[in-house]
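Just below is one structure, and these are the notes that go with it.
All of the numbers you see were taken from the coordinates with simple rules; none came from a lab. These numbers were taken from a predicted model, which means no experiment stands behind them.
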Amino acid sequence: QVQLVESGGGLVQAGGSLRLSCAASRSIFGTNIMAWYRQAPGKQRELVARITSGGSTVYADSVKGRFTISRDNTKNTVYLQMNSLKSEDTGVYYCNRYSSWSPWGQGTQVTVSS
C-alpha cells in the first residue's frame, strides 16, 4: 500500500521544540529524495527541507539553523527536528518525495503560540 503517515505535531510555545516523524511505504521511500512541506492557513504549501538517501540536506531560508531533517533508511522514516519555533512556523506539515509526489498523507498540525 502506498502511503505516508505523519505524526508528532502539537501545540507549543514560541521558542519550544517538536520532532515530527513520517513513516512511508517502501515504494515511496526507497532511495528517493524525501522532503518536508508545510501549509499555513490561507497559504500555498511550501518546501521546508529535503534530504537525499545519502543524507545531504537543503533547507528553506526561513528554517535554516533551527530545523534538522534526517532519515532512517532501515525504517523508511524521515524526521524533522524543529527548534526555536516561531509563530510563523504554524501550519500543517507533510512529507513526500521531493519530486514525483505520491498521494499526500493527512499531515500533522503544528501550532506555535506567541
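Points worth noting:
- Under a Gaussian network description of the chain, with springs only between Cα atoms under 10 Å, the residue in Leu80, Leu11, Leu47 that fluctuates furthest is Leu11.
- Whole-number percent relative contact order across the chain, with pairs defined as alpha carbons under 8 Å at least 6 apart: 37 percent
- Its DSSP H runs of at least 4 residues, each contributing -39,500 (n - 2.57), put the calculated 222 nm mean residue ellipticity of the chain at -500 deg cm²/dmol, to the nearest 500.
- Relative compactness, the chain, computed as alpha-carbon Rg over 2.2 N^0.38 Å: 0.98
- When only Cα pairs below 8 angstrom with a gap of at least 6 residues are kept, region 65-114 shows a relative contact order of 32 percent.
- Where N is the number of residues in region 15-70, Cα Rg divided by 2.2 N^0.38 Å: 1.21
- The phi torsions of region 96-102, fed into the Karplus equation with coefficients 6.51, -1.76 and 1.60 and a -60° offset, translate into couplings of 5, 4, 6, 9, 6, 4, 8 Hz, rounded to whole numbers, with Gly and Pro shown as x.
- Rounded to 5, percent antiparallel among DSSP beta bridges of the chain: 90 percent
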